[in-house]
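Asks: Please see the structure below; I have some questions.
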Amino acid sequence: MLKEYRSITNISGPLMIVEEVEGVKYEELVEIKMDDGSSRNGRVLEVNNDKALIQVFEGTTGIDTEKTSVKFTGKGIHMYLSPDILGKIFNGLGRPKSAKDQILPEKSLDINGSPINPYSRDYPNEFIQTGISAIDGLNTLVRGQKLPIFTGSGLPHNRIAAQIARQSAVLGKEEEFAVVFVAMGITFEESQYFIDDFTKTGAINRSVLILNLADDPAIERIATPRVGLTCAEYLAFEKNMHVLIILTDMTNYCEALKEISAARKEVPGRRGYPGYMYTDLATIYERAGRIKGKKGSITQIPILTMPEDDKTHPIPDLTGYITEGQIILSRSFHKKKISPPIDVLPSLSRLKDKGIGKDKTREDHADLFNQLYAAYARGKEVQELAVILGEAALSDIDKIYFKFAEDFEAIYVSQGEYENRTIDQTLDLGWKLLSVFPRTELKRIRDEFLDKYLPLFKKESSDKKITVSGGEK
Amino acid sequence: MEKIGNIVKVAGPLVVAKNMSGVKMYDVVFVSESRLMGEVIEIDGDLASIQVYEETGGIGVGEPVFPTNFPLTVELGPGLIESIYDGIQRPLDVIYKQEGDFISRGIQVPALDRQKKWDFTALVSEGQEVSEGDFLGYVNETSLVKHYIMVPPKLYGKVLKISSGSFTIEETIAVINDGKSDSDITMIQKWPVRIPRPYREKINPSIPLFTGQRVVDMFFPIAKGGTACVPGPFGSGKTVIQHQLAKWIDAEVIIYIGCGERGNEMTEVLLEFPELKDPKSGEPLMKRTVLIANTSNMPVAAREASVYTGITIAEYFRDMGYSVALMADSTSRWAEAMREISGRLEEMPGDEGYPAYLGARLASFYERAGCVKCLQKTDELEGAITVIGAVSPPGGDLSDPVVQATLRVVKVFWSLEARLAYARHFPAISWLNSYSLYNDNIKDFVIDNVREDYFDMQSEAMNLLEKESELEEIVRLVGIDSLSGQDRLVLLTAKMIREDFLHQNAYHEVDTYTAIDKQYKMIKTIIYFYNQAQYYLKMGADIEALENVSLSEKIARMKYIPNDETSRIDELEKEIDNEFNSLIKQ
Ligand SMILES: Nc1ncnc2c1ncn2[C@@H]1O[C@H](COP(=O)(O)OP(=O)(O)OP(=O)(O)O)[C@@H](O)[C@H]1O
Ligand SMILES: [Mg+2]
């Protein structure tokens, strides 16, 4: 029998202190019994002599120092697992949402997991075709990558994430996949959008949903992504599935972290977020990838809203320092009706270099995106110049860059929400757009590729007009 | 019986234990029955604060602490090269074989293989007097590293016994008598990581260490034994440049520390380095490399230690007379680990919550770099450690305390700019803000051994880039048409320098490494183009025509000419003359 303590002495914010305890372990799970018979969960944040500092996931409202009792369970928070988690819904602590979400567990795992030995990792290098040109062509996603979407409130990040989940395919392969969808503090409506989309495509039966919505306890969000990742690791590395995990919204997670840190009166780091937030986030984001000799993989797409659209805010900043690139959405693109509004220049996929090229996408892919980037960056500079001096003052070549940047946004970046472009369509589109330049401007592309590909597209645009449609619908 | 302490507090990576009197600062202890390794970092009466190198979840008050009476040490000896260690020198490959894919707690594995036999060749004979640092013999550890077995520091005396043959690192290869007693010498030495290994004297760095990276070698060179830092926002190319240096820098031993960064970046090194060939010897680059990987999801305290583990191994190879290059990616994560531990100790916070001793710790780390006369007294043997640290300031803001403290001690500053990275101008090293303070140190060597007019080329090219940025201001205000032909030529040439010289694609099989000779020829050709064009402009050539000469495409493709075919670059000067001539005749 576990000993029950009624020695809560101090309650403040999401924290409480229990005194005269014995044998309490750091990080262990705590069961809290309320006066009315209901129960809550907590986690030990610190033990100091006979005092234990406890973080209460459901908040401390209603807890009192006399009638509330506390039990220490002797182990960390565990997630109960079996292949039947697919198609089920769990709350933010990993408990079944309703009776029909109950499973017969095959095993249980501590939600904190253990660090993957860097030596046991296998490098992610399998190209995932998302059907979105701005991703496939320029910021290629590979299996096992962690690639967040940095967004702003009101931008269509959910539509993009759902499109990725819907269209993602590894060329020439039919393999077992699963989706883990982790909601942290998003609205019912937002979460329902994903659920409806998964239901439409049938992916719902291959999905695990971990839901902590806006009206669920905020502190629970500390556990939520870890619950999801524990499911993902189980499915990927024990059940050989290719798992796509969507974590939204990481900003709400970070706010919960901040709240606890403030309650502990820790010395705050930048803008009030705890100094250890980098390390804490890393223990989430690094739980992605591939492992030598294992068939499955975990691809992570965290979504986070940048407070005030500010990329240097600690949440996106620290995330960018950990993840393998980022897809950034732009409000001004959104206003200009560029859809998806992917801000191409600051977006980046760091793993693209190993996932593209001959035998993966196409031999000319690397040179082509380098050139598209360089030309588009120059085009954007020229556009700025034109704002001051007027278009007429531009040199002839700059006029071409000006037009190129416009077309690039309208034709290459923009595409339909249900438009699934093949990688060849994406690459060809790039060539078509570049063919307006004199060959001497295309310095980033090797001669052999210019010789081979440019003539195929040069003809079509000899009338100096670009008439390309995107891929087919 | 071993004296045992008792845990009274657990707060993240920090554990406090009582009953610890007699324990020394920085002693290693083992925490709880699971024997998690930790280090004493504060003593108060019989209480000791311990930073634990493993996750402390599940540890509680009352559990035991076992002192060892030894500081944190590394093992030094054959078997280091090609290893991958965590921050406290546990071999990750061995852990993988024993424990599987995930790192569990309380694993103790020796850093060096105890079973492996090495062929030892003695270099001294019995009866000879030897002193600290002298070479007793060597083993050919890899095809690139001859591993000298040295007399340990502070030992002097006569060799009583020594023999060549096949030994494990724990077997005695020699016996030395110091007049009082005999010491058995094996091929393994242990050294406390927080104490620099001794050398005879420091000397000023005077030789450039070429890296095959054009912007570095031609504009902001680093000296052998020098220090450099690479600050930049996320995604600006710190890791890629560190990897590039680890691959191509002209050093004999590479120590690469992945400190609080991504696991996949270490995997990348593990996969690539065995495949890549050292440009000098043609041998796989892995054969000169030691990896330390304490990735961001691994315990924070071990991240703090990883930097010291790395530099101590570097010193050991330096003591053999080697030129060692050490890369630390990223020193910011190391500083953050210090900050986290300091916060748990409830020390007085300084700037941004970093401890007040941040600057001192950084300075004493970089101070372990340098060119030295090695310890041995018999020859004039020189060794060097070159240290290159990445810094990851929040939001890319260079006023960050870690950047500022680093800039106070390092001599080379490669400033990475987001603006350049967005335009995919790589390496995104700003040519206007970066600097190297080694130009004077290496001047004589470069003039004698590389090219006489290397520095003239450097300053001419730099001049053009600086002028370009002034002219761009004007263009922004009044447009290109207002510029004179001469000014437009400056813009044209500066663009060539930027795009055709400074821009270097790490993923292109030829472009990834440019030998210094080729670099010189490239920049010289561009300067030649400029000087000739100036002349023809004065002779009445039209600037528009100059802007459109067809040979500019050839200049742009110089970077793709293999290092052993640079005579093709030499021919360009003639082509420049010919084409310019034809402009006048028209
Ligand atoms: N020399 C280069 N050639 C080609 N591409 C490069 C080069 N340098 C950087 N890149 C590109 O930039 C990306 C980001 O670089 P890198 O991972 O080195 O950034 P970082 O500064 O280390 O970021 P973080 O601080 O988040 O670790 C790379 O994945 C690569 O695509
Ligand atoms: Mg990096």
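The values are calculated or read from the model by the stated rules, or taken from the named source; none is laboratory data. Computed from a predicted structure; not experimentally measured. For neighbour counting, all protein chains shown are included, and Cβ atoms are generated from backbone atoms with ideal geometry for every residue, glycine included. SASA here: full protein model, heavy atoms, side chains in, ligands and nucleic acids out. Shrake-Rupley method; radii C 1.70, N 1.55, O 1.52, S 1.80 Å.
Asks: Which ³J(HN,Hα) values in Hz, rounded to whole numbers, follow from the phi angles of the stretch B:215-228 under the Karplus curve 6.51 cos²θ - 1.76 cosθ + 1.60, where θ = phi - 60° and Gly and Pro get x?
Replies: 5, 6, 5, 8, 10, 10, x, 10, 9, 4, x, x, 10, 9
Asks: In addition: Round to the nearest 0.05 the FRET efficiency obtained for B:Leu551 and A:Leu456 when R0 = 22 Å and r is the Cβ-Cβ distance.
Replies: So, using R0 = 22 Å, E works out to roughly 0.25.
Asks: May I pose another question? What whole-number value in cubic angstrom gives the convex hull volume per residue for the C-alpha atoms of the stretch A:134-292? Show your work: numbers first, answer last.
Replies: On the way: hull volume 21.6 nm³, N = 159.
Dividing the Cα hull volume of the stretch A:134-292 by its residue count gives 136 Å³.
Asks: I need the peptides A:232-242, B:477-487, B:455-465 ranked by packing, meaning the mean over residues of other C-beta atoms within 10 angstrom, with the highest value on top.
Replies: A:232-242, B:455-465, B:477-487
Asks: Could you derive backbone 3J(HN,Hα) for the stretch B:469-483 from the dihedral phi with the Karplus parameters 6.51, -1.76 and 1.60 (θ = phi - 60°), listing whole Hz in sequence and x where the residue is Gly or Pro?
Replies: Working through the residues one at a time gives 5, 5, 5, 4, 4, 4, 4, 4, 7, 10, x, 5, 5, 6, 7 Hz.
Asks: Can you list residues whose amide H is under 5 Å from B:Gln128's amide H, if they're 5+ apart or on another chain and H is modeled 1.01 Å from N?
Replies: Result for B:Gln128 returns B:Val159.
Asks: Right, here's the next one. Treating only the Cα positions of chain B as identical point scatterers, give the base-10 log of I(q)/I(0) from the Debye formula at each q in 0.07 Å⁻¹.
Replies: Calculated log10 I(q)/I(0) at the listed q: -0.49.
Asks: Scaled to the compact-protein estimate 2.2 N^0.38 Å, what is the alpha-carbon radius of gyration of the stretch B:118-187, rounded to two decimal places?
Replies: That works out to 1.04 for the stretch B:118-187.
Asks: Also: For chain B, what is the mean residue ellipticity at 222 nm derived from helices alone (per DSSP H run of n ≥ 4: -39500 (n - 2.57); sum divided by total residues; nearest 500 deg cm²/dmol)?
Replies: The helix contribution divided over chain B gives -10000 deg cm²/dmol.
Asks: Taking each residue in A:118-129, count the Cβ atoms of any other chain within 10 Å of its Cβ, then average. What number comes out?
Replies: Whole-number average of other-chain Cβ neighbours for A:118-129 is 6.
Asks: Taking every pair of distinct Cα atoms and averaging 1/r, then inverting, what Kirkwood hydrodynamic radius in Å comes out for the stretch B:111-239?
Replies: 17.9 Å
Asks: Past the 19 Å Cα-Cα mark, which pairs from B:Lys518/B:Lys554; B:Lys117/B:Lys146; A:Lys432/A:Lys452; B:Lys117/B:Lys158; A:Lys336/A:Lys380?
Replies: B:Lys117/B:Lys158
Asks: Let me ask something else about it. Probe 1.4 Å, all protein chains in place: accessible area of A:Ile77 in Å², nearest 10?
Replies: Spelled out: A:Ile77, probe radius 1.4 Å, area about 10 Å².
Asks: Related question: In Å and whole numbers, how far do the C-alpha atoms of the stretch B:454-585 stretch along each principal axis, longest first?
Replies: Computed over the Cα atoms, the extents are 42, 35, 26 Å.
Asks: Once you wrap a convex hull around the alpha carbon atoms of the stretch B:201-433, what is its projected area averaged over all directions, in nm²? Please report the intermediate quantities before stating the final value.
Replies: Numbers: hull surface 51.9 nm².
Hull-based average projected area comes out at 13.0 nm².
Asks: Could you tell me the accessible area of A:Lys354 in Å² (1.4 Å probe, neighbours in place), rounded to the nearest ten?
Replies: Probe radius 1.4 Å; accessible area of A:Lys354 about 50 Å².
Asks: Just to be sure I understand: if I project the alpha-carbon convex hull of chain A onto a plane and average over all orientations, what area do I get in nm²?
Replies: Mean shadow area of the hull around the Cα atoms is 25.2 nm².
Asks: Report, to one decimal in Å, the Kirkwood hydrodynamic radius for the protein assembly as shown based on all distinct Cα pairs. Don't skip to the end; give the middle numbers.
Replies: Values: mean 1/r = 0.0321 Å⁻¹.
Over the protein assembly as shown, the inverse of the mean reciprocal pair distance is 31.1 Å.
Asks: Among B:Thr331, B:Thr186, what's the order by accessible area (1.4 angstrom probe), most exposed first?
Replies: B:Thr186, B:Thr331
Asks: Keeping all protein chains in position, work out how much accessible area A:Arg350 exposes to a 1.4 Å probe, and write it in Å² to the nearest 10.
Replies: My reading of the accessible area for A:Arg350 is about 60 Å².
Asks: Among the lysines, which have Cα under 17 Å from the Cα of B:Lys467 when same-chain residues fewer than 8 positions away are ignored?
Replies: Within reach: B:Lys495.
Asks: Taking 30 Å as R0, compute the FRET efficiency from the Cβ-Cβ separation of B:Ile584 and B:Glu452 and round it to 0.05.
Replies: Details: r = 31 Å, r/R0 = 1.05.
Here the calculated transfer efficiency is 0.45.
Asks: If packing is taken as the average count of other Cβ atoms within 10 Å, what order do B:118-124, B:335-341, B:40-46 fall into, highest mean first?
Replies: Answer by packing, highest mean first, reads B:335-341, B:118-124, B:40-46.
Asks: Kindly flag which residue pairs out of A:Lys71/A:Lys239; A:Lys51/B:Lys18; B:Lys524/B:Lys559; B:Lys373/B:Lys411; A:Lys97/A:Lys200 have an alpha-carbon separation exceeding 25 Å in this structure. Could you put the intermediate results ahead of the total?
Replies: On the way: A:Lys71/A:Lys239 34 Å; A:Lys51/B:Lys18 16 Å; B:Lys524/B:Lys559 13 Å; B:Lys373/B:Lys411 21 Å; A:Lys97/A:Lys200 22 Å.
The pairs that break the limit, which is 25 Å between Cα atoms, are A:Lys71/A:Lys239.
Asks: In peptide B:8-14, what is the residue-averaged number of other protein chain Cβ atoms found within 10 Å of each Cβ? Before the final figure, lay out the partial values.
Replies: Numbers: counts 4, 6, 10, 7, 6, 2, 1.
Shielding by partners across B:8-14 averages 5.
Asks: Could you pull out every residue, at least 5 positions away or on a different chain, whose amide H is within less than 5 Å of the one on B:Gly226? Hs are placed 1.01 Å off N in the peptide plane, and Pro or chain starts have none.
Replies: Excluding prolines and chain starts, which carry no amide H, the hits are B:Val387.
Asks: Okay, next question. Using every pair of alpha-carbon atoms in the stretch B:154-207, split the distances into 10 Å bins beginning at 0 and state the percent of pairs per bin, rounded to integers.
Replies: 19, 35, 31, 15, 1
Asks: What share of all Cα pairs of the stretch A:303-446, in percent, falls into each consecutive 5 Å distance bin?
Replies: All Cα pairs, binned at 5 Å, distribute as 2, 8, 15, 19, 20, 17, 11, 6, 1, 0 percent.
Asks: From the P(r) of the stretch B:195-240, could you give the percentage of C-alpha pairs in the tail past 12 Å?
Replies: Every Cα pair in the stretch B:195-240 considered, those over 12 Å come to 73 percent.
Asks: Compute the angle between helix B:567-585 and the longest alpha-carbon principal axis of chain B, please, reported from 0 to 90 degrees and rounded to the nearest 10.
Replies: That helix lies at roughly 20 degrees to the long axis.
Asks: Sequence neighbours fewer than 8 away in the same chain don't count; with that in mind, list the aspartates and glutamates whose C-alpha is under 14 Å from A:Lys337.
Replies: Result set, ordered by chain and number: A:Glu406, A:Asp407, A:Glu409, A:Glu417.
Asks: How do the peptides B:321-330, A:127-136, B:93-102, B:363-372 rank, highest first, by the average count of neighbouring beta carbon atoms within 10 Å per residue? Could you put the intermediate results ahead of the total?
Replies: Details: B:321-330: 26.0, A:127-136: 24.4, B:93-102: 16.0, B:363-372: 20.2.
In descending order of packing, they fall as B:321-330, A:127-136, B:363-372, B:93-102.
Asks: How high is the FRET efficiency from B:Met462 to B:Lys202, r the C-beta distance, R0 35 Å, rounded to 0.05? Working shown, then result.
Replies: On the way: r = 30 Å, r/R0 = 0.87.
So, using R0 = 35 Å, E works out to roughly 0.70.
Asks: Along the positive direction of the dipole of the protein assembly as shown (beta-carbon charges: Lys, Arg +1; Asp, Glu -1; about the Cα centre), which of A:Ser82, B:Gly106, B:Val387 reaches farthest?
Replies: The Cα lying farthest towards the positive end belongs to A:Ser82.
Asks: Could I ask something else about it? Please list, in order along the stretch B:392-401, the HN-Hα scalar couplings obtained from phi with the Karplus expression 6.51 cos²θ - 1.76 cosθ + 1.60 (θ = phi - 60°), rounded to whole Hz, x for Gly and Pro.
Replies: Listing the rounded values in order: 10, x, x, x, x, 7, 6, 7, 3, x Hz.
Asks: Now, a different point. With axes computed from alpha carbons, what is the tilt in degrees of helix B:331-344 against the longest principal axis of chain B, rounded to the nearest 10 within 0 to 90?
Replies: The angle comes out at about 40 degrees.
Asks: Give, in nm to one decimal, the length gained when the segment between B:Asp577 and B:Ser364 is fully stretched (0.36 nm per residue of separation minus the Cα-Cα distance).
Replies: 71.2 nm
Asks: Extension gain B:Phe70-B:Leu276, at 0.36 nm per residue separation less the Cα-Cα distance, in nm? Don't jump to the answer; show the numbers that get you there.
Replies: On the way: separation 206, 0.36 × 206 = 74.16 nm, distance 3.98 nm.
Computed gain between B:Phe70 and B:Leu276 is 70.2 nm.
Asks: Compute the angle between helix B:485-496 and the longest alpha-carbon principal axis of chain B, please, reported from 0 to 90 degrees and rounded to the nearest 10.
Replies: Taking the Cα atoms of chain B, the angle to B:485-496 is about 30 degrees.
Asks: Would any residue of the stretch A:52-87 have its amide N under 12 Å from a label point 7 Å out along Cα→Cβ of A:Asp36? List them or say none.
Replies: Answer for this model: A:61-63.
Asks: Now for a separate question. Using alpha carbon coordinates only, what is the Rg to Rh ratio of the stretch B:5-71, with Rh defined as the Kirkwood radius?
Replies: Rg/Rh for the stretch B:5-71 comes to 0.90.
Asks: Please arrange A:Asp424, B:Asp511 by accessible surface area, largest first, computed with a 1.4 Å probe and ligands excluded.
Replies: A:Asp424, B:Asp511
Asks: If you count, for every residue in A:434-445, the Cβ atoms of partner chains within 10 Å of its Cβ, what is the mean?
Replies: The shielding value for this peptide is 2.
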